[in-house]
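The values are calculated or read from the model by the stated rules, or taken from the named source; none is laboratory data. Note that the structure is predicted; figures quoted are calculated from it, not measured. In this analysis, Cβ positions are derived from the backbone assuming ideal geometry, glycine residues included, and neighbour counts consider all displayed protein chains.
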Ligand SMILES: C[C@H](CCC(=O)NCCS(=O)(=O)O)[C@H]1CC[C@H]2[C@@H]3[C@H](O)C[C@@H]4C[C@H](O)CC[C@]4(C)[C@H]3C[C@H](O)[C@]12C
């Protein structure tokens with residue numbers, strides 16, 4: 001399972017948890033402006049906006065899971081197993097392989113307005129990256145500081161939904177996820193009043209009772225409601241430290257601990273990493289299951305006019321700050 005969310009203070013933040021039972025081998029990857037993308041069906045793109053995100057690198061190609069560009073657009077792919085269906089190649093449209101979708105959008109769009117224009121001509125096709133790395137069944141959240149959308153390629157075509165809550169998890173399809181929020185509209189961060197029966201002396205005997213009923217399990221639909229409730233009510237200061245810290249707390253509401261979600265005999269899904277992009281400033285923050293310290297890579301420190309990918313390893317291993325030795 002995975003969860004993505006957006007958050008706005010002075011700057012705009014976007015990130016995700018990546019939950020799985022194993023890692024494909026990830027790195028923080030910067031694709032500078034002059035790295036040539038060779039799109040399988042639409043040809044070469046020799047220069048483009050610079051991109052930074054988490055990716056698996058294969059054959060000198062950045063297979064991004066989540067990323068942002070230097071213009072303030074960010075996107076993430078999340079599992080959509082059993083529902084994602086990619087199309088066959090068609091004439092007169094832009095045929096983009098599923099694994100090319102993040103580079104295709106982030107290399108040329110500086111806003112969601114431009115993303116929507118590009119999506120009018122796109123056909124997301126079922127060309128796998130390689131035999132070893134077959135198609136991933138995903139759906140996507142794409143955001144800038146003004147709005148978010150969800151993109152789902154299904155058997156009945158490509159769906160583009162406004163995403164007014166700015167969160168995404170996995171199944172079921174997005175309209176059903178949004179609809180179920182109706183069931184929780186009574187939830188509140190405030191203490192509840194007794195509307196049950198005025199003749200009964202009911203008591204708000206504990207803090208937090210306004211959120212009673214918020215689902216606590218790890219299913220995708222429960223995580224959707226929980227992260228939406230947390231995100232829309234989250235309050236923080238505007239500084240970078242306060243905003244980043246708060247962002248990790250928002251996604252912390254759907255963190256997966258080893259042992260609680262068994263996916264096969266003795267195999268457990270865990271939150272492998274959590275990312276937080278400062279989309280305004282081009283800084284990619286992350287922490288991992290094994291390393292709670294927040295690490296960061298700032299794209300603007302690099303030579304963004306280069307033609308070679310720049311990769312940073314994911315830092316693992318807890319770093320405990322002893323105070324007395
Ligand atoms: C497994 C990841 C999604 C995690 C997730 O959503 N888990 C939920 C589990 S469940 O549904 O709720 O059961 C996805 C997100 C991005 C994916 C990767 C990216 O799409 C990039 C390439 C794409 C290639 O086609 C396959 C390898 C791959 C390197 C993908 C491997 C894997 O499918 C990733 C890492």
How many residues are surrounded by 17 or more Cβ atoms within 10 Å (Cβ to Cβ) and in a helix (DSSP H, G or I) when one looks only at the range 241-259? 7
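For every residue, the table says whether it meets (1) within 30 Å of residue 212 (Cα to Cα); (2) free of Cβ contacts under 8 Å to residues at least 24 places away in the same chain; (3) assigned to a helix (DSSP H, G or I).
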residue	(1), (2), (3)
224	yes, no, yes
232	yes, no, yes
281	no, no, no
292	yes, no, no
303	no, no, no
Within the range 95-113, track down each residue that is surrounded by fewer than 16 Cβ atoms within 10 Å (Cβ to Cβ) and in contact (Cβ under 8 Å) with a residue 24 or more places away in the chain. 110, 111
Keeping to the range 33-64, report how many residues are part of a strand (DSSP E or B) and either away from the ligand (no atom under 15 Å from the Cβ) or buried (at least 23 other Cβ atoms within 10 Å of the Cβ) (or both). 11
The range 142-161, subset out of contact with any helix residue (DSSP H, G or I) (no Cβ under 7 Å at 6 or more places or on another chain) and outside any strand (DSSP E or B), residue farthest from the ligand (Cβ to nearest atom): 145
Within the range 1-15, residues touching a strand residue (DSSP E or B) at 6+ places or on another chain (Cβ under 9 Å) and more than 9 Å from the ligand (Cβ to nearest atom) come out as 4, 5, 6, 7, 11, 12, 13, 14, 15
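Condition check ((1) more than 18 Å from the chain's Cα centre (by Cα); (2) touching a residue at least 40 places away in the same chain (Cβ under 8 Å); (3) farther than 18 Å from residue 54 by Cβ; (4) surrounded by 17 or more Cβ atoms within 10 Å (Cβ to Cβ)) across all residues:
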residue	(1), (2), (3), (4)
261	yes, yes, yes, yes
271	no, yes, no, yes
276	no, yes, no, yes
286	no, yes, no, yes
306	yes, yes, yes, no
314	no, yes, no, yes
319	yes, no, yes, no
Pairs, please: C-beta under 8 Å, at least 6 apart or cross-chain, first residue over 19 Å from residue 300 (Cβ atoms) and in the range 1-30, second more than 16 Å from the ligand (Cβ to nearest atom) and in a strand (DSSP E or B)? 6/12; 6/13; 6/143; 6/148; 7/13
For residue 139: the one exception among (1) under 21 Å from residue 7 (Cβ atoms); (2) more than 15 Å from the ligand (Cβ to nearest atom): (2)
On the given criteria, is residue 263 more than 12 Å from residue 6 (Cα to Cα), in contact with a helix residue (DSSP H, G or I) (Cβ under 7 Å, 6 or more places away or on another chain) and modelled with pLDDT of 95 or more? no
Within the range 162-182, can you find the residues that are part of a loop (DSSP other than H, G, I, E, B), within 14 Å of the ligand (Cβ to nearest atom) and in contact with a helix residue (DSSP H, G or I) (Cβ under 6 Å, 6 or more places away or on another chain)? 169, 170, 171
Within the range 183-204, the residues that are part of a helix (DSSP H, G or I) and loosely packed, with under 13 Cβ neighbours inside 10 Å are 183
Has the range 74-94 got at least one residue that is surrounded by fewer than 23 Cβ atoms within 10 Å (Cβ to Cβ) and within 23 Å of residue 308 (Cβ to Cβ)? no
Could you list all residues from the range 93-136 that are part of a helix (DSSP H, G or I) and near the ligand (Cβ under 10 Å from one of its atoms)? 98, 99, 100, 101, 102
